Amino acid sequence: MAFERFTNVGKSFKPKISIRGNSQIGFNCASIREFKLNEYKFAVLFYDKESKRIGIKLTNDKSEEGACKLRVRAEAGASMSARSFIDCYKLGSLKSYRFNVEWDAKEKMIIADLNDK
């Protein structure tokens, strides 16, 4: 068996989101690859108060209720403005935290468990 050179030093392979100090939700490069974020222009945010989970539904439908612009920069990550979402659900204390995310096939959205900080 031949050895394969690993050249992706410092890159993350686990999809994550972060709640940033400027009230944005950020996606790392692994999230872009895993969830094909570059194929979408918008996202809709959901929150489950009981389980403290964020749901992110990707869409290209600008007119979908709650659609927020998704900014994707392939080598720098992606982000979306979430000030009103963060304020509404009082998530400001989670700024600067990163959360693992996974795809929920049933709900057809990206899920972040805020209990995993």
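The values are calculated or read from the model by the stated rules, or taken from the named source; none is laboratory data. Keep in mind it's a predicted model, so treat the numbers as computed, not measured. Cβ sites come from the backbone with ideal geometry, for glycine too, and all protein chains shown count toward neighbours. Note: areas computed on protein heavy atoms with side chains; ligands, DNA, RNA excluded. Shrake-Rupley method; radii C 1.70, N 1.55, O 1.52, S 1.80 Å.
Normalised Debye scattering of segment 57-117 at q = 0.20, 0.28 Å⁻¹ gives log10 I(q)/I(0) of -1.10, -1.39, counting only Cα atoms as equal scatterers and leaving out solvent. Each stretch of four or more DSSP H residues adds -39500 (n - 2.57); spread over every residue of the chain, this sum gives -2500 deg cm²/dmol at 222 nm. Scanning residues 5 or more positions from Ala82 or on other chains, those with amide H under 5 Å from its amide H are Gln24, Ile25, with H placed 1.01 Å from N in the peptide plane. For the peptides 27-36, 52-61, the ranking by packing is 27-36, 52-61, with the highest mean count of neighbouring Cβ atoms within 10 Å listed first. How big is the charge dipole of the chain about its Cα centre, in debye rounded to the nearest 20, if each Lys and Arg gets +1 on its Cβ and each Asp and Glu gets -1 on its Cβ? Roughly 420 debye for the chain.
Expressed as a whole percent, the accessible area of the chain that falls on carbon and sulfur atoms is 48 (1.4 Å probe).
Farthest toward the dipole's positive end in segment 38-117, which of Val44, Ala74, Ile54, given Cβ charges of +1 (Lys, Arg) and -1 (Asp, Glu) about the Cα centre? Of the candidates, Ala74 comes out farthest on the positive side. Relative to the current alpha-carbon distance between Asn100 and Thr7, full extension at 0.36 nm per residue lengthens the span by 31.1 nm. Averaged per residue, the chain has 67 square angstrom of accessible surface, using a 1.4 angstrom probe with ligands and nucleic acids left out. Taking θ as phi - 60° and the Karplus parameters 6.51, -1.76 and 1.60, the scalar couplings of segment 21-27 work out to x, 8, 6, 10, 9, x, 10 Hz in sequence order, x denoting glycine and proline. Taken along the Cα-to-beta-carbon direction at a fixed 7 Å, the label points for Lys41 and Tyr89 span 2.5 nm.
Restricting the calculation to Cα atoms, segment 1-58 shows an Rg/Rh of 1.11 when the hydrodynamic-style radius is the Kirkwood one. Taking the chain on its own, what percent of its Cα-Cα pair distances exceed 18 Å? The proportion of pairs with Cα distances above 18 Å equals 50 percent.
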